[in-house]
Amino acid sequence: GAVVSQHPSRVICKSGTSVKIECRSLDFQATTMFWYRQFPKQSLMLMATSNEGSKATYEQGVEKDKFLINHASLTLSTLTVTSAHPEDSSFYICSARSVDDEGTSSGNTIYFGEGSWLTVV
Amino acid sequence: QQQVKQSPQSLIVQKGGISIINCAYENTAFDYFPWYQQFPGKGPALLIAIRPDVSEKKEGRFTISFNKSAKQFSLHIMDSQPGDSATYFCAASPDSNYQLIWGAGTKLIIKP
């Protein structure tokens with residue numbers, strides 16, 4: 001199946017600094033990518049929907065100035081956590097929808113990255 | 001109307017048994033129903049998915065049963081193995097925006 005790569009898989013940063021997480025679709029083009037946050041033993045919480053070449057759409061309650069999302073190409077979206085605080089420590093996961101599947105019965109196939117553990121100390 | 005309700009929250013099944021996880025939805029605009037498997041510390045992996053035009057889809061030991069009139073769908077894992085122990089999420093998506101609405105997850109433990 002399609003592969004979505006996230007980097008870094010784990011990152012520790014100091015409080016007040018910014019950290020960038022990359023999400024790449026390795027063998028397909030993705031017009032739409034999604035960023036999730038997951039707390040231990042809980043379901044995924046959608047943070048924002050990222051569309052190539054346009055501004056991201058943020059879910060209610062998600063600070064767009066704190067969680068900067070850039071979808072500069074059909075294979076790359078980035079999430080930057082700015083001025084990170086310990087409460088931002090979490091598991092961040094991206095997913096991507098395959099453009100190649102458009103118009104087919106699998107046009108909604110969403111592939112997930114392996115996730116990135118962020119610890120803010 | 002946007003919710004997807006998943007049950008049970010946790011499930012213990014003996015090796016070789018059948019694991020059954022259920023989900024229910026309200027929004028009739030949903031037309032894509034995937035199941036994801038997630039191991040601790042890893043991102044979810046697409047297991048199997050179904051659209052409303054079929055009532056059942058089977059891939060190996062995994063089967064989705066779909067009941068459109070009841071707005072319910074379920075995952076059946078046949079001959080469950082210890083390696084199947086993971087958290088399983090159902091989801092639903094309307095064709096319009098491809099945004100997944102997630103169930104709360106089921107922690108499955110297969111006892112050897």
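Checking each residue in the stretch B:8-28 for being surrounded by 14 or more Cβ atoms within 10 Å (Cβ to Cβ) and either in contact with a strand residue (DSSP E or B) (Cβ under 6 Å, 6 or more places away or on another chain) or closer than 17 Å to B:Ser55 by Cβ (or both) picks out B:Leu11, B:Val13, B:Ser19, B:Ile20, B:Ile21, B:Asn22, B:Cys23, B:Ala24, B:Tyr25. Listed by position, the strands (runs of 3 or more DSSP E) inside the stretch A:12-104 whose residues that are surrounded by fewer than 17 Cβ atoms within 10 Å (Cβ to Cβ) and away from chain B (no Cβ under 13 Å) number at least 1 are A:19-25, A:67-73, A:76-81. The residues listed here are B:Ile21, B:Ile12, B:Ile50; of these, the one that is β-branched (Val, Ile, Thr), under 28 Å from A:Phe91 (Cβ atoms) and free of Cβ contacts under 8 Å to residues at least 60 places away in the same chain is B:Ile50.
Filtered by the rule that a residue be facing another protein chain (nearest Cβ under 10 Å) and surrounded by fewer than 21 Cβ atoms within 10 Å (Cβ to Cβ), the stretch B:55-101 gives B:Thr87, B:Pro94, B:Asp95, B:Asn97, B:Tyr98, B:Gln99, B:Ile101. One residue stands out among those in the stretch A:1-45 that are of a type in the set (A, V, I, L, M) and under 13 Å from A:Phe112 (Cα atoms): the one that is farthest from the chain's Cα centre (by Cα), which is A:Ala2. Taken over the stretch B:31-48, the criterion of being within 10 Å of the chain's Cα centre (by Cα) and farther than 27 Å from A:His7 by Cα is satisfied by B:Phe33 alone.
Readers should treat all values here as calculations from the given coordinates under stated rules, not as data from a laboratory. The structure displayed is predicted, hence computed values, not measured ones. No Cβ is skipped: glycine too gets one built from the backbone with ideal geometry, and neighbour counts run over all protein chains shown.
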